[in-house]
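Just so you know, all these numbers are worked out from the coordinates, no wet-lab data involved. From a predicted model like this one, the values you see are computed outputs, not experimental measurements. Glycine gets a Cβ as well: all are built from the backbone with ideal geometry, and neighbour counts include every protein chain shown.
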Amino acid sequence: MLLPQTIPSSSPWRRLRARLHFALRALGLPQAAALAGCAIAWVVLRFTAPARERDARIARRLGRTLGRLRGPFAKLGQFASLRVDLVAPEVRDALVALRDRVPPVPFAWIRETIEAELGAPLAALFREIDPHPLGAASVAQAHAAVLPDGRPVVVKVQYPWLASSLPTDLALLRLIVGRVRPDAAASPWFREFASGLVEEIDFAHEARVAAEIAANLAGDAQVVVPRVIASHSARRVLSMERWPTLPLDASALTARGISCARVLEVIARAYARQIFQDGLFHADPHPGNLFVIDEPEARVRPRVLFVDFGLSKRLAPALAKELRLGMLALLARDLDGFVAGMQRLGTIAPGAEPGVRAAVASVFERLTGSSGGPLGLASDRVLALKDEAKQLLYQTPGLALPSDLLLYAKTLSYLFALGRELAPEVDLMRITVPYLLRFLAHRDEAAASASEARPRGARVRSEP
């Protein structure tokens, strides 16, 4: 930690250079040059590298370039790493690193953004602030600080050029995506990506989502969502309570005498409730966003801290209904009903239904062939089926799932992968199934209520 007075302001020359950089970003020139470099490298590698190495090498270079460009470019890389139905596995693997960290920007840029957004000098806003970031992500980086009253906080600061360059960035990305996959640039997933990014760079929106999720989980004393400090937050700056934490690392937790099984149970309950009960869930569950609070009581009753709600999703009622119907069709081994639901969601391209039906039938066979049925699957079997489903998605032409649904599935798969890493002896299905059953029963409860309220003799119109 350093006092603000000990952090020198950038020189006029540096400020001029920064403003020139931001202006060029708004025009799209540095982004276009960096992406052109990737294209040139691809052409060179095409003639100089063995075929099996070429794609992996260009994918790694693309990942590094997207990380340096940050903003929508890093976000698209993160997004593409989830698109098991559209992106080749070797490309997805090279983009996974973008989920956790990108290179930080100079603190002088961060300082100017804080002072511009909060309308006061840094020395008046914070007693201390660390110029070295706790972490840097696609749209912002975070710094540890101390408020004038002594409260420790984390200050999340958006990259200063992001809002002004966003229209140009999205236009560039649409052009590139259209060249690679002409069908994708005009598809719903790109529109979802663009609208989601506009929402994510509004930190006021993130603060509201964090408060709503905190209220939803308030009944669980072992889940902590940091409180937003409104006086030190704005559209591009978000200040939150800072807690002493431990990483989600099995060896580190065990060394402190903290039960990994108890930690995992807390996380599983929280996600099961968000996903199956609340419909609004933290959709970025990597180890940089989940921590165990470092306190003596953690050995007996660990508390888990959830941070960074920029990527959170609320399932639309129509999608939640189709998801429920799809799960019920799966449990009933109703292949026709399951495929009909996919058609209603618009996930099957015209003429592609026979191939999609065959792929879904293959998944059905694996599920129904497992002991105990789908609700009795062991965690390892769930993960194995997840990998098989990813492969089928990518290998099935004409199939593209809604991004919200993929995030939903990704969050669940992360939960099971985390379980295998932290405490494989914990039965995650036992924790998850009660919430899942209530989710599946929701439609029947609604129908029953409607039936009770309906006058005797009234005709019932069945739901599709």
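In this structure, A32 and R344 have a Cβ-Cβ separation that, at R0 = 30 Å, corresponds to a calculated FRET efficiency of about 0.15. If R0 is 25 Å, the Cβ-Cβ spacing of I40 and L16 corresponds to a FRET efficiency of close to 0.25. Put simply, the amide H of E128, placed in the peptide plane, has neighbours under 5 Å in V146, leaving out anything fewer than 5 places away on its chain.
In terms of surrounding Cβ atoms within a 10 Å radius of their Cβ, Y414, Y408 rank from fewest to most as Y414, Y408. The string of couplings for segment 307-315 from the Karplus curve (6.51, -1.76, 1.60, θ = phi - 60°) is 10, 6, 9, x, 9, 10, 10, 10, 5 Hz, one whole number per residue in order, with x for Gly and Pro. Neighbour counts of C-beta atoms inside 10 Å place M429, M327 in the sequence M327, M429, starting with the fewest. Shape analysis of segment 150-307 based on the Cα gyration tensor places the equivalent ellipsoid semi-axes at 34, 20, 15 Å, largest first. Calculated FRET efficiency, L175 to R333, Cβ-Cβ distance, R0 = 45 Å: about 0.50 to the nearest 0.05.
Against the compact-protein benchmark of 2.2 N^0.38 Å, the Cα-based radius of gyration of segment 211-304 scales to 1.13. Phi angles of segment 271-279 translate, via the Karplus equation with coefficients 6.51, -1.76, 1.60 and θ = phi - 60°, into HN-Hα couplings of 6, 4, 5, 4, 6, 9, 10, 7, x Hz per residue; Gly and Pro are given as x. Model label points for D149 and S362, set 7 angstrom from Cα along the Cα-to-Cβ axis, are 6.0 nm apart. The ranking of I40, I176 from fewest to most other beta carbons within 10 Å of each one's beta carbon is I40, I176.
Annotation: amide H-H contacts under 5 Å for L248 (H modelled 1.01 Å from N, sequence separation of 5 or more, or interchain): V292.
Of the chymotrypsin sites (Phe, Trp or Tyr not before Pro) found in segment 258-322, not one falls in a DSSP loop while having at most 10 other beta-carbon atoms within 10 Å. Amide H contacts of S138 (H built 1.01 Å from N, in plane; Pro and chain starts excluded): no residue 5 or more places away or on another chain comes under 5 Å. Computed from phi, the 3J(HN,Hα) profile of segment 146-156 under the Karplus parametrisation 6.51, -1.76, 1.60 (θ = phi - 60°) reads 10, 6, x, 8, x, 6, x, 9, 10, 10, 9 Hz, with x in place of Gly and Pro.
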